[in-house]
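To keep things clear, I will list the structure first and then write my remarks on it.
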Amino acid sequence: MSATVQSVERAAAMLRLLADENEPIGLAQIASALGLAKGTAHGLLRTLQDVGFIEQTFPTGPYRVAPEIFRLGWARLDLNELRSKALNWTDALAARTGESARVAAFADGQAVVAHHVFRPDLSDQVLLTGSAVPLHASALGKVLLAFDPGAARSIMGKPLPGYTFRTIIDRVALQRDLASIRDQGWAAAVEESAAGVTGVAAPIRDGGGYVVAAVGIEGDTNRMCDERSRPRPALVSHVIRAGRSISRELGHGREW
C-alpha cells in the first residue's frame, strides 16, 4: 500500500513553486511547471485558496502564497545532491549514446552544470561541471525555461545573445519553441550555441512533479541529427528515459 497521497504531494509541490517565486503565477504556468492538466491544477488551487494557504491578486488573476505562510518557502535542490542522484544514470546515458552527458539546474540566475560525463572516446577533455550554459540557446537551458517560472522570468527584459545564425533571439519564436518543448517533453538545440554542435535534453522532476533540473547529451551535429537536421529518435529516447530514471531517484512516480 502506498504511504503517500498523490493529491497531497501535488499540493505541496504547488506551494513550493508559489513560495519560491517573487511574483504571482498564472494557472497555465503552474500547470505546465508541475506537469498537470489545467483542470487538475485549478482544483488544487481552489482548495489551497479555500483553506487560506494561497491567494489571488484579483479575481481570476494569478496566484501567490498567502503572507502568513511564507515560511513554507522552498530551498532548491542542492547541486551536490542532484549530482549524486544523477551520477549512475548520466554515466549510462553517455555510454549508450556515445555522447557527452550533462545535468544542469537553475541556480543564481543561470543554468549551472551540476554533473558532466565525457564522451566514451574521451574526445571532449574540458570538464564543464560548475559552468553555465545559455538558457535560450542550449537544450538544457530551454528545458529549464519551459518548465521553471523562475528561469523564464530571469531573461525577461534582457537581450538574447545570438551565438550562431540559428540562435533564437526573437522572443515570440522562443515562446513558440518553449510551448513545443512542454508539449513533447524534451528540447533540442541544433547549432544554436555553437556551429556543428547539437544538444538534446529532458526534464528531471522531484517527488511533487516540479522540474528541478534537466539532463541531456551534446555532440557533433552530423552524429546527433539526420539529414534534415532533426535529432535522431533513438538519442531522444535515451535522454527521456534518463530524465525519468533520475526523477524516480528524486521520488517522482515511485511506488513506495
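The values are calculated or read from the model by the stated rules, or taken from the named source; none is laboratory data. Bear in mind that the values here come from a model prediction, so they are computed numbers and not experimental data. No Cβ is skipped: glycine too gets one built from the backbone with ideal geometry, and neighbour counts run over all protein chains shown. Remember, those area values only see protein heavy atoms, side chains included, never the ligands or the DNA or RNA. Shrake-Rupley method; radii C 1.70, N 1.55, O 1.52, S 1.80 Å.
Points to keep in mind about this one:
- A 1.4 Å probe run over the protein chains yields, for the chain, 49 Å² of accessible area per residue, whole-number rounding.
- Whole-percent carbon and sulfur share, accessible surface of segment 6-72, 1.4 Å: 52 percent
- Cα-based Kirkwood hydrodynamic radius, segment 194-243, one decimal, Å: 11.6 Å
- For segment 91-142, average projected area of the Cα convex hull in nm²: 3.5 nm²
- Taken along its principal axes, the alpha carbon cloud of segment 6-72 reaches lengths of 27, 23, 21 Å, longest axis first.
- Each residue, Asp91 and Thr40, gets one label point 7 Å from its Cα in the Cβ direction; the gap between the two is 3.4 nm.
- 25 Å tail of the calculated P(r), the chain, as % of Cα pairs: 43 percent
- Interchain or long-range residues, amide H under 5 Å from Ala111's placed H: Val133, Leu135
- Computed from the alpha carbon atoms alone, the convex hull of segment 107-210 holds 118 Å³ per residue.
- Theoretical gain in end-to-end length, Ala234 to Arg153 [0.36 nm per residue, Cα-Cα removed]: 25.9 nm
- Each of the GluC sites (Glu not before Pro) that DSSP puts in a loop and that has at most 11 other Cβ atoms within 10 Å breaks the chain; the longest unbroken stretch is 1-226.
- Under a 5 Å amide H cut-off, with hydrogens placed 1.01 Å from N, Ala213 pairs with Ile204 among residues at least 5 apart or on other chains.
- Across segment 126-142, coupling constants 3J(HN,Hα) worked out from phi with the 6.51/-1.76/1.60 Karplus curve, θ = phi - 60°, read 9, 6, 9, 4, x, 8, 9, 10, x, 5, 8, 10, 10, 5, 4, x, 5 Hz, and Gly and Pro carry x.
- Computed over the alpha-carbon atoms, segment 152-256 gives an Rg to Rh ratio of 1.01, Rh here being the Kirkwood radius from the mean inverse distance.
- Length gained when the stretch Gln49-Arg171 is fully extended (0.36 nm per residue, less Cα-Cα span): 40.6 nm
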